């Protein structure tokens, strides 16, 4: 909640991690999707 600028970085990290784990091509998040993630209401902490 306090560090919304970290949300796209976390999303990219997990996207790359799971893509590699499943033998998939690594994708990039679109700017629209990153903006949607940043504008979402995120109750709680990063684990939630």
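Nothing in this text is a laboratory measurement; each read-out follows from the coordinates by a stated rule. Predicted, not measured: the structure shown is a model, and the values here were computed from it.
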> Per the helix-only calculation at 222 nm, which mean residue ellipticity applies to the chain, given -39500 (n - 2.57) for every DSSP H run of n ≥ 4 and division by its residues, nearest 500 deg cm²/dmol?
Replying inline: -15500 deg cm²/dmol
>> Largest first and in whole Å, what are the equivalent-ellipsoid semi-axes of the chain based on the Cα gyration tensor, each being the root of 5 times an eigenvalue?
In response: 22, 13, 7
> Between residue 24 and residue 42, what length comes free when the chain is fully extended (0.36 nm per residue of separation minus the Cα-Cα distance, one decimal in nm)?
Replying inline: 3.7 nm
